[in-house]
Amino acid sequence: QLVYPYDFRLTEKEKTSICYLSFPDSYSGGLGDTQFSFRLRQSGGPRSARYEDGGQYNREAPLTLQRESAHYFGYVYFRQVKDSSVKRGYFQKSLVLVSRLPYVNLFQALLQLIAPEYFDKLEPCLEAVCNEIDQWPPPVPGQTLNLPVMGVVIQVRIPSRVDKPGSSPVKQFNQENLLPAPLVLPSIHELDLFRCFQPVLIHVQMLWELMLLGEPIVVMAPSPTVSSEMVLALTSCLAPLRYCCDYRPYFTIHDSEFKEYTTRTQAPPNIVVGVTNPFFIKTLQHWPHILRVGELRMSGDLPKQVKVKKLTKLRTLDTKPGIYTAYKTFLHKDKTLIKRLLKGIQRKRPSEVQSALLRRHLLELTQSFIIPLEHYIASLMPLQRAITPWKNPPQIRPFRQEDFMKTLEHAGPQLTCVLKGDWLGLYRRFFKSPNFDGWYRQRHKEMTQKLEALHLEAICEANIVAWMKDKSEVEIVDLVLKLREKLVRARCQHLPVKEETLQRVGLYIETVIGSLPEDLQTVLHHH
């Protein structure tokens with residue numbers, strides 16, 4: 001019906017997809033309001049973001065909270081109430097917030113404030129809200145923001161890449177005597193993991209392995225809310241490692257990728273997809289891992305845990321909750337986690353305490369797995385003394401899987417993790433996954449930039465005048481051009497170099513040009 005702000009351009013294909021994704025696609029008898037989220041592939045070529053910062057946000061934000069360039073997130077508030085004035089007898093409407101940022105808690109909290117007003121007062125309400133949001137500061141990692149909207153101030157901290165993993169969000173910030181007291185969100189994006197994983201707590205480790213390996217998983221749920229929360233919980237359980245595969249918190253049969261995902265002519269893609277339409281049981285039964293969950297109900301005791309079942313047990317009409325897979329875990333089960341969570345349930349610990357326990361466990365698991373990889377990749381960096389000012393910096397040595405495997409005997413995950421099992425097998429499988437590829441590229445890029453930075457510092461420390469003594473004009477001009485190129489690259493790529501280093505290199509260039517004959521100086525100044 002309406003897109004606000006008006007100048008926001010969506011292609012027809014995107015509009016159609018958003019419409020289908022904004023409503024439950026299987027009969028939900030539930031009346032009232034529900035919230036869920038989806039993720040949508042952008043179509044129709046790149047377009048500039050409404051807000052350009054030269055990539056600064058993505059350099060400072062955690063890898064798991066990057067602004068997406070090829071996908072949109074949709075945050076939905078859906079209302080279904082009886083209404084005799086409508087032909088169908090029901091009022092059904094959704095308000096959707098579209099963003100490139102995965103701030104699920106912030107945007108869902110925002111919709112809780114806006115949507116009920118919007119259904120009541122319609123467009124003028126959106127106009128007023130958008131005017132307020134236009135005044136919000138940009139999200140700067142590490143900062144706590146106060147965001148006024150509709151008479152409420154939402155207070156939230158934007159996480160930063162330098163935060164210590166697993167550190168709890170800062171409890172309370174300077175209240176600055178805000179009146180009314182702000183609505184404080186403890187986290188901009190972290191879900192209540194304990195609630196999301198209720199029916200699969202005893203299988204958390206298996207799910208962690210499947211996510212780590214980027215395996216194709218279907219989540220079949222009774223509603224878009226359960227489906228999107230489960231998918232987002234799964235993709236978050238590798239933090240601080242970035243989940244590099246595709247994921248769809250909610251997916252319908254009308255989706256443009258439907259054919260691509262349901263075809264049997266090729267293996268299912270590396271993706272976690274959340275669905276609610278029973279039709280998918282038939283079309284996706286060739287997928288290797290299917291997680292079927294019921295409605296999430298928080299109760300006083302450990303909810304019924306789903307069982308691992310053979311894929312052949314997948315019944316088209318009445319599929320019981322369960323994890324349908326033939327997967328055998330590489331690591332043995334960790335009984336201590338379940339015991340701790342059970343104790344928490346008996347002692348009626350709040351859900352957020354249980355979630356913190358669960359998140360800590362997953363973080364320690366991921367760190368045990370990733371630390372040996374970090375150690376090994378750091379050893380591939382050339383020694384600092386090999387970096388000399390007048391030669392190109394040496395290359396980073398190649399990552400050799402077998403060499404890495406040899407390091408595990410004395411520096412493997414067993415140092416930090418009590419879990420026994422086939423860690424070597426798990427690493428071998430991991431090397432084939434998009435998550436390894438994404439991790440390796442990111443690290444390689446950071447190391448290359450570090451080398452460039454160290455090289456610039458070496459140039460800065462060098463005695464340039466002594467070097468120029470016995471050099472020909474051609475060599476000196478060549479040096480000027482190379483240094484200039486380095487300087488431009490350092491600025492464009494925002495290399496980790498001190499500003500004074502860059503200024504000194506700039507001065508060097510001027511000094512060198514000054515030593516050349518005037519005709520060459522003119523050419524170089526214009527170049």
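The values are calculated or read from the model by the stated rules, or taken from the named source; none is laboratory data. As the structure is a prediction and not an experimental result, all values here were calculated from the model. Please note: Cβ atoms are built from the backbone with ideal geometry, for glycine as well, and neighbour counts cover all protein chains shown. What goes into the accessible areas is simple: the full protein's heavy atoms, side chains included, and nothing from ligands, DNA or RNA. Shrake-Rupley method; radii C 1.70, N 1.55, O 1.52, S 1.80 Å.
Compared with the dominant principal axis of the Cα atoms in the chain, helix 12-21 is inclined by about 50°.
With the full set of protein chains in place, find how many percent of the accessible area of the chain is carbon and sulfur; take the probe as 1.4 Å.
Its accessible area is 56 percent carbon and sulfur atoms.
Placing dummy labels 7 Å off each Cα toward the beta-carbon, the span from Gln305 to Glu402 is 4.1 nm.
Given 25 °C and 0.890 mPa s, compute D for the chain with the Stokes-Einstein relation, Rh being the Kirkwood radius over Cα pairs; round to the nearest whole µm²/s. So the translational diffusion coefficient is about 93 µm²/s. Taking a sphere under 10 Å around the Cβ of Thr325 and counting the other residues whose Cβ falls inside, with K and R at +1 and D and E at -1, yields a net charge of +2. When nucleic acids and ligands are ignored and a 1.4 Å probe is applied, Ile464 ends up with an accessible area of around 10 Å².
Rounded to a whole number of µm²/s, how large is the Stokes-Einstein D of segment 371-527 at 4 °C and 1.567 mPa s, given Rh as the Kirkwood radius over C-alpha pairs? Using the Kirkwood radius from Cα pairs, D works out to 70 µm²/s.
Modelled this way, with points 7 Å down the Cα-to-C-beta line, the labels at Leu63 and Glu12 are 4.0 nm from one another. FRET efficiency for the pair Lys432 and Thr522, taken as 1/(1 + (r/R0)^6) with r the Cβ-Cβ distance and R0 = 60 Å, rounds to 0.55.
Label point of Ser351 set 7 angstrom out along Cα-Cβ; within segment 179-221, amide nitrogens under 11 Å from it belong to 191-198.
DSSP assigns beta bridges within the chain; of those with both partners inside it, close to 65 percent run antiparallel. In this structure the chain gives 52 Å² per residue of accessible area when probed at 1.4 Å with all protein chains present. Take the Cα of Thr416, go 7 Å toward its beta carbon, and the backbone nitrogen atoms of segment 229-253 under 20 Å from that spot belong to 236-244.
Ordered by solvent-accessible area of protein heavy atoms (1.4 Å probe), largest first, the residues Lys486, Lys282, Lys343 come out as Lys282, Lys343, Lys486. Treating only the Cα positions of segment 463-526 as identical point scatterers, give the base-10 log of I(q)/I(0) from the Debye formula at each q in 0.12, 0.21, 0.26, 0.27 Å⁻¹. For segment 463-526, the Cα-only Debye profile gives -0.31, -0.87, -1.16, -1.21. Taking the Kirkwood radius as Rh and the Cα radius of gyration as Rg, segment 423-488 has a ratio of Rg/Rh equal to 1.30. With each label modelled as a point 7 angstrom along the Cα→C-beta vector, the Ala128-His332 pair spans 6.3 nm. Relative contact order, whole percent, for segment 357-449 stands at 30, derived from Cα pairs under 8 Å and 6 or more residues apart.
Would you mind getting me the FRET efficiency between Lys93 and Asp478? Use the beta-carbon distance for r and R0 = 60 Å, nearest 0.05. So, using R0 = 60 Å, E works out to roughly 0.35.
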